[in-house]
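Step one of this worksheet: look at the structure below.
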Amino acid sequence: MTVELSVLMATYQGDQPDALRRSLASIWAQQTVRPNQVVLVVDGPVSDDLNEIISEAQYSIGDALTVVRLQHNRGLAVALNVGLEHCRADIVARMDADDVSVSERFEKQFAFMLKHPRVAVLGSWIVEVDATTGETTPRYVPESHRDIERFAKWRNPISHPSVIFRKQPVVQVGGYPNFRKWQDYALWSVLLQKGFKFANLGVGLVRMNGGRSLVLRRGLHYFLDESRVIFFQWHSGFLSTPQFLVNLIGRFVIRAVPVSVRALLYKRMRN
Amino acid sequence: MGTRIAVTGSAGYVGSELVKRVSGTDNFEQVLQLDRNISESVSTIGASFRVDLSEISVTDLSNRLKDVDVLFHLAAARVDWGLDYNTYERDNVRATRRLIEAARMAGIRQWVYFSTVGVYGSSETPLDEDSPFAPQSDYGRTKAQAENELLAIADAESWAVRILRPSAIFSENQPKDTNICRLIEAIRRHRFILIGDGSEIKTTSYLHNVVDATLWLYHDLVSGGITAYNYVDEPRLTTREMVDLIRDELRVRIPLVRLPVALIERPARAVDWVGNRVGHDFPITAARIRKFCTATNFDSYRIRKAGFLPRYSSKEAMIRTVRWHRERIT
């Protein structure tokens, strides 16, 4: 069955070709309910391997695949905003080029959006799969709007790879703010401030390659990227000054501590 | 929701993986397993019956299949050695015939049927689904006959049927008698000799892509009618490319030994002769050498054009499989 749904993806030179193939297969051939459009933004020049997979996908997905090529690498926020302009459906599902959607993802999320017309943004839990051990760890997020709103003051309440949203409100607030990291978190805070309704489904609908690599991210540039978003949220009034300070210090600590400590912190934060 | 399915050959190589996959989702109300090598059990999601399709009476079989909506027919005699024509005929033709009768009595009108590219025979140029049947082995001949019988009845009764014709299936955990398993193990043990120049294309099908395709066909049943699809992994590799990939992944450094075909044909026939006398399956047989040196080149554009997109490329599938072989030993 096909539904009025656009899937929004972006890929760039750094993506693994095999991962992109799996990602595309998971939102198309394997879905119990199929989107009627897949928008794939190619962010800058990419290797022959990636291009080969894109043409394979064009063959299988046919006219439902819209490939948008950017001449230069512009970053995820710009790529997604350009892609959003090409989305024909009112409901848009995000998909990352290195994740896999479970086969009932669109069926479940689309049904929820139809049933709850006031919900603008819907996420779900995601399942992190450790590349080496195959171990899976669910990443929980709160489900009700009230809990999401409260949670959002401290952490990103929506797992970006799992999100499905209504196009109109996102376009209305100008799309993704142009940050290098956390552009989605910035967008959610703007939408929450405008009073749009959020929800999360309490099931894991996306499998994500995670494990150690996420924990390994440390260093000043991560902190700076994150603090830009925290500044933005404070400046726009989404965060109060005390919340802003706690977040800023918290992120600094997380990015500065040794890897082993951070692994522990991540574990605590998840549960 | 709430479809009830039955899987024949559910304890087999592909069948068991399919059952694992369908049991992991909540799309099916009931999964019935039929196999002659299975212990009987009943669970909340379904039951398994120890059944030999070529022996059970049609009435018994149709009773077991009562309330089933979709039949996945995977049971078959598959190995390429040690079986005589009668065994293939019994397990592939007669078993299917009984299943068709039983399905008719039980009112099942939707089938996903596992066939093989073996129904076409070999070819240098890629063969698509419209190519005529010209099987060259007993396996291929009996599978072609079973498929034809199913198609005749499906057409007369207006059943919805999807037929999948995969080429050589392989994966991690593969049975020892698959061609790819033999190839990898021979290379790993430094017992591999490349016969000929290896320039012929050998299409393969990764198990997980095949199971995905099977489920895709199942979802496609709603549009009715009868359609057959080939399945092969892309990009299609030549024997040489496959061998190089395996050697690379196994880090085999010794030089590749190559022999012209003519030199090996006669000794192999002698080995066959001995093998037949003592009843032992030697790794080298004249038939396997012939099979090794003929291109098995099939085209699966139809299923791709219809929207199926495999998760794994041929190369990634091969690398994953070889890694499994490597890790199993060290």
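The values are calculated or read from the model by the stated rules, or taken from the named source; none is laboratory data. Note that this is a predicted model, so its numbers are computed, not measured. Cβ coordinates were reconstructed from backbone atoms using ideal geometry, including for glycine residues, and neighbour counts include every protein chain displayed.
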- Item | segment A:13-25 residues that are among the charged types (D, E, K, R), paired with ones that are surrounded by fewer than 19 Cβ atoms within 10 Å (Cβ to Cβ) and outside any helix (DSSP H, G or I) (beta carbon under 6 Å, 6 or more apart) | none
- Note on the structure: Subset of segment A:22-57, residues part of a helix (DSSP H, G or I), more than 10 Å from chain B (Cβ to nearest Cβ) and surrounded by fewer than 18 Cβ atoms within 10 Å (Cβ to Cβ), comes to A:ASP48, A:ASN51, A:SER55
- Residue ID - farthest from the other protein chains (Cβ to nearest Cβ), chosen from residues in segment B:235-246 that are touching a helix residue (DSSP H, G or I) at 6+ places or on another chain (Cβ under 9 Å) and surrounded by fewer than 18 Cβ atoms within 10 Å (Cβ to Cβ): B:LEU245
- Query: Which of the residues spanning segment B:148-199 are farther than 23 Å from B:THR125 by Cβ, among the charged types (D, E, K, R) and assigned to a strand (DSSP E or B)?
  - Reply: B:ARG162
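Residues checked against (1) on the phi > 0 side of the Ramachandran plot; (2) at pLDDT 90 or above:
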{"site": "B:THR125", "(1), (2)": "no, no"}
{"site": "B:ALA134", "(1), (2)": "no, yes"}
{"site": "B:GLN145", "(1), (2)": "no, yes"}
{"site": "B:ILE153", "(1), (2)": "no, yes"}
{"site": "B:GLU157", "(1), (2)": "no, yes"}
{"site": "B:ILE180", "(1), (2)": "no, yes"}
{"site": "B:ILE193", "(1), (2)": "no, no"}
{"site": "B:GLY198", "(1), (2)": "yes, no"}
{"site": "B:THR203", "(1), (2)": "no, yes"}
- Message: Being in contact with a helix residue (DSSP H, G or I) (Cβ under 6 Å, 6 or more places away or on another chain) and within 14 Å of chain A (Cβ to nearest Cβ) is the requirement here; does B:TYR218 meet it?
- Response: no
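Does segment B:149-156 include one or more residues that are closer than 16 Å to B:TRP111 by Cβ and buried (at least 23 other Cβ atoms within 10 Å of the Cβ)? Explain how you work it out, then say what you get.
Quick first cut of segment B:149-156, residues closer than 16 Å to B:TRP111 by Cβ only: B:149-156.
From the residues that got through so far, the ones that are buried (at least 23 other Cβ atoms within 10 Å of the Cβ) too are B:150.
Looking through segment B:149-156, at least one residue is closer than 16 Å to B:TRP111 by Cβ and buried (at least 23 other Cβ atoms within 10 Å of the Cβ).
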- Item | Selection from segment A:90-106 of residues that are among the charged types (D, E, K, R) and in a helix (DSSP H, G or I) | A:ARG105
- Task: Determine which single condition A:PHE112 fails, assuming it passes every other condition in (1) touching a residue at least 60 places away in the same chain (Cβ under 8 Å); (2) not in a helix (DSSP H, G or I).
- Result: (2)
- Residue satisfying condition, being within 24 Å of B:ARG191 (Cα to Cα) and either within 14 Å of chain A (Cβ to nearest Cβ) or out of contact with any helix residue (DSSP H, G or I) (no Cβ under 7 Å at 6 or more places or on another chain) (or both), within set B:THR285, B:THR294: B:THR294
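Let's see how each residue does on (1) of a type in the set (Val, Ile, Thr); (2) part of a helix (DSSP H, G or I); (3) surrounded by fewer than 21 Cβ atoms within 10 Å (Cβ to Cβ); (4) within 14 Å of chain B (Cβ to nearest Cβ):
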residue	(1), (2), (3), (4)
A:TYR59	no, yes, yes, yes
A:ARG74	no, no, yes, no
A:ALA77	no, yes, no, no
A:ARG88	no, no, yes, no
- Task: Return only the number of the condition from (1) more than 14 Å from A:ASP184 (Cβ to Cβ); (2) surrounded by 22 or more Cβ atoms within 10 Å (Cβ to Cβ); (3) among the β-branched types (Val, Ile, Thr) that A:THR137 does not satisfy.
- Result: (2)
- Turns out the helices (runs of 4 or more DSSP H) fully within segment B:43-132 with at least 1 residues that are in contact (Cβ under 8 Å) with a residue 40 or more places away in the chain, closer than 15 Å to B:ALA144 by Cβ and among the β-branched types (Val, Ile, Thr) are B:95-106
- All but one of (1) crowded, with 17+ Cβ neighbours inside 10 Å; (2) within 14 Å of chain A (Cβ to nearest Cβ) hold for B:SER223; which doesn't? (1)
- Note on the structure: Within segment B:186-215, the residues that are closer than 19 Å to B:TYR120 by Cα, within 14 Å of chain A (Cβ to nearest Cβ) and of a type in the set (S, T, N, Q) are none
